[in-house]
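Down below is the structure, laid out as structure tokens.
Nothing in this text is a laboratory measurement; each read-out follows from the coordinates by a stated rule. These figures come from a predicted structure and were not determined experimentally. Here Cβ is always computed from backbone atoms with ideal geometry, including for glycine, and neighbour counts include all displayed protein chains.
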Amino acid sequence: MERSVWLPKRANYFFALLPDPVAAASADHMARSLCCWLGLSGSPRGIGKYHVTLWGWPAFWEPDSQEIALMQRAGQRVSQAAFRLTFNEVATFAQGAEKPALVVAGGDGVVGACRLHDALDGDMRAVGYRAREPLRRPHLTLLYDRFRTKAFRVRELSWRVNDFVLIRSVPRERYEILGRWALSGP
């Protein structure tokens, strides 16, 4: 019996960090190397799909134009310095799923992402919205596979985060960027 692939019937909306081109290529190389090394059958997400989710739209409906504007205003209100994001371990998230996420995560190197999440979460809670799920730990999903592992260290994946985005994500399509906000220097 052939199984069909489940795809959400609606788009997902979320604030995220996007890796710079060098970091995206490094993430893709890491995903492909792990596939070979661990004998995985899952496909890497791909250079255009790597991201770090900061805050996800909580509702089971797509936001209307007023709700999108509300998220965009929350993005505009963020005031935070640019920071370096560093991931240095691979882990499996969503252990109970048929195909859990194989992710790259980090320890102290994710503090800036946590602060950015807290700012967005506080702003959205103030107007009555809680994130789809709490931020467990900032991470970048490399691929989905039946493989499960305890965390293990890998070569660092790192980039300077100068901005963050609001994304509309439809399965198997390119991300639509609904807003981009710069973080202050240096």
Notebook entry, point to check: So how tilted is helix 111-126 from the main axis of the chain? Cα-based, degrees 0 to 90, rounded to 10.
Noted result: 50
Notebook entry, point to check: Lys/Arg Cβ at +1, Asp/Glu Cβ at -1, dipole of the chain taken about the Cα centre: which of 126, 72, 141 is farthest positive-ward?
Noted result: 141
Next item on the list: Work out from phi, with θ = phi - 60° and the Karplus expression 6.51 cos²θ - 1.76 cosθ + 1.60, the ³J(HN,Hα) of each residue of the range 37-51, listed in order in whole Hz, and give x for Gly and Pro.
Entry: 5, 9, x, 7, 9, x, 9, x, 4, x, 3, x, 10, 6, 7
Notebook entry, point to check: Quick one: Cα centre-to-centre distance for the range 88-130 and the range 12-64, in angstrom?
Noted result: 13
Margin query: Between residue 86 and residue 152, what's the calculated FRET efficiency when r is the beta-carbon distance and R0 is 25 Å? Round to 0.05.
Written below: 0.95
Next item on the list: Identify the residues of the range 79-98 with backbone N under 18 Å of a label point that sits 7 angstrom from the Cα of residue 132 along the Cα-to-Cβ direction, or state none.
Entry: 93-98
Notebook entry, point to check: R0 = 41 Å: FRET efficiency of residue 69 with residue 99, Cβ-based, nearest 0.05?
Noted result: 0.70
Check: Of the GluC sites (Glu not before Pro) in the range 86-171, which ones lie in a loop per DSSP and count no more than 11 other C-beta atoms within 10 Å?
Finding: 98
